[in-house]
Amino acid sequence: MTNLRSITITIILLTCLAFSDDRLTNVGTTAASFLEVGVGSRAIGMGGAFVGIADDVSSIYWNPAGLGVIKSGEMVFERVDWLAGISFNYFGVAVPLTGYGTIGFFINSMSMPKMKVRTVQYPDGTGEDFEASSFATGLSYGKNLTDKFSIGFNLKYISEILWHEKSSCFAFDVGTLYKTGIKGLRIGAAITNYGPDMKLAGSDLVIYHDSDPLHDGNNDKIMGELATDNWPLPLNMQFGLAYDILNTKGLRLTTAIDAFHPINNTESVNMGCEVALLKMIFIRAGYKALGQQDSEEGLTFGAGLNYKLFGQSNIKLDYAYTDFGRLENTNRFTLRLNF
C-alpha cells in the first residue's frame with residue numbers, strides 16, 4: 001500500500017508540473033533543434049513516453065541506461081518524411097559485451113530541400129541554391145550496476161550547416177534506469193544534450209571594411225567578419241515511469257508517463273501504452289506534450305510486428321502516426337533487427 005501511495009503521489013506531481021501556470025517559454029532559443037525529434041516508431045506510437053521503458057536499441061536516444069538491459073544485439077533503421085518536406089534519418093546499433101555492459105553507435109541527420117537564394121535586387125532568385133542540414137553521431141555505453149539499477153552515457157558530435165556557414169560541438173547524455181521491488185514498475189531519468197553553445201561561422205560572414213573612408217590611400221579592403229550569437233543546445237531533463245499492468249505468456253499491457261523539463265520550452269508530460277499479443281503483434285497509443293503551451297502535438301497511434309527469421313534473430317517492423325494539428329501529421333516506419 002505504501003508503494004502504491006508513492007506512485008500515485010509521483011504521478012500527481014508530474015501532472016502538476018506540466019500544468020504549472022508560472023512558466024516562461026523559450027521556444028526558438030536553442031541550436032540543433034533536430035535533436036528534439038524522437039526516434040523509433042515504437043516510442044513515438046506511445047506518445048514519446050519511453051524514458052522509463054528503454055528496453056530496445058532506441059533507448060540510445062531516450063535513455064542510454066536502457067542499453068544495460070538489452071540481451072542481444074540490435075540495429076534500427078529509420079527514415080521519416082518530416083514536416084515541410086524535411087527529411088529525418090536515423091541509424092543505431094547496440095552490441096552487448098558479456099559481463100562488460102553494452103556499447104552502441106548512432107547516426108542522426110536532418111536535411112531540407114534546396115531553396116533559391118533571393119535578395120532585394122533579385123526577389124525571384126539569383127540563380128544560386130542554398131540548403132541546410134544537421135548531423136549528429138556518437139558512441140553509447142550502458143551497464144547494469146546491480147540487478148535493478150542501470151546507468152548509461154552518450155558522447156556525440158553535433159554539426160549544423162547553413163549554406164556556407166557551419167557550427168559544431170561535442171555533447172553528452174546520461175541516464176539511469178531502476179527496477180523497483182514492485183513487479184513491472186520501472187523508473188527512468190535522463191539528461192540529454194549537455195554541451196557548449198554553438199555559433200555559426202563561414203565565408204558568407206566575411207566582409208571588407210574601409211576604416212577611414214574620408215581619406216584616400218589607406219587600405220579599403222580590411223577583412224572583417226560579422227559576429228553571430230552563441231546559441232545553447234536543447235538541454236532537456238526528463239523523468240519517466242513505466243508499469244506492466246498485465247504481463248502473462250500471451251498478453252502484456254504496459255503504461256508509461258514521462259515528464260520533460262526543456263530549456264527552450266515549457267514543461268510537459270507524455271503518456272502512452274502498449275499492448276503486446278503473443279510477443280508478435282503490438283498495438284500502441286499515446287498523447288504528446290500534455291500541458292505544453294501552444295503545442296501542435298497531440299494524439300499518437302502505432303502498431304508493430306515481430307517476425308522470427310531464423311534461430312534467435314527477429315525482424316521488427318513498427319509504424320507510428322503523429323497528429324501535428326495545423327501542421328497536419330507524420331507517418332513513420334522503423335525497421336529493427338535483432339542479431
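What follows draws every value from the coordinates through simple rules; no lab data is involved. Note that the structure is a prediction, hence the values are computed from the model and not measured. Note: ideal-geometry Cβ built from the backbone for every residue, glycine included; neighbour counts use all protein chains shown.
Quick look at the values:
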quantity: Given the chain, longest segment not containing exposed loop GluC sites (Glu not before Pro) (DSSP; at most 16 other Cβ within 10 Å); calculated: 132-295
quantity: Bins of 10 Å, starting at 0 and running to the largest distance - Cα pair percent for the range 227-301; calculated: 17, 36, 26, 15, 4, 2, 0
quantity: Along each principal axis, Cα extent of the chain, largest first, Å; calculated: 87, 51, 41
quantity: Highest-MSF residue in the chain out of 315, 207, 191 [GNM, Cα springs under 10 Å]; calculated: 207
quantity: Taking the range 205-282 and dividing mean pair separation by its residue count, relative contact order in percent (alpha carbons under 8 Å, at least six apart); calculated: 21
quantity: Percentage relative contact order, the chain, counting C-alpha pairs under 8 Å, at least six apart; calculated: 20
quantity: Cα pair distances of the range 299-339 binned at 5 Å [whole percent]; calculated: 6, 21, 23, 15, 12, 10, 6, 4, 2, 0
quantity: Long pairs among 156/249; 166/288; 71/288; 143/183, criterion Cα-Cα beyond 27 Å; calculated: 156/249; 166/288; 71/288
quantity: Peptides ranked, highest mean first, by Cβ atoms within 10 Å: ranges 194-203, 213-222; calculated: 194-203, 213-222
quantity: Zero-based 10 Å bins, Cα pair distances in the range 109-241, whole percents; calculated: 10, 23, 24, 18, 12, 7, 4, 1, 0
quantity: The range 46-142 - Rg and Dmax from Cα coordinates, angstrom; calculated: 19.0, 65
quantity: Relative packing of 65-73, 110-118, which averages over residues the other C-beta atoms within 10 Å, highest first; calculated: 65-73, 110-118
quantity: Qualifying chymotrypsin sites (Phe, Trp or Tyr not before Pro) for the range 51-136 [loop in DSSP, other Cβ within 10 Å: at most 11]; calculated: 100
quantity: Cleavage-rule hits (chymotrypsin sites (Phe, Trp or Tyr not before Pro)) in the range 242-298: DSSP loop, at most 15 neighbouring Cβ within 10 angstrom; calculated: none
quantity: Cα-based equivalent ellipsoid, the range 115-186: semi-axes from gyration tensor eigenvalues, Å; calculated: 48, 14, 7
quantity: At most 13 other Cβ within 10 Å, DSSP loop - trypsin sites (Lys or Arg not before Pro), the range 230-339; calculated: 249, 279
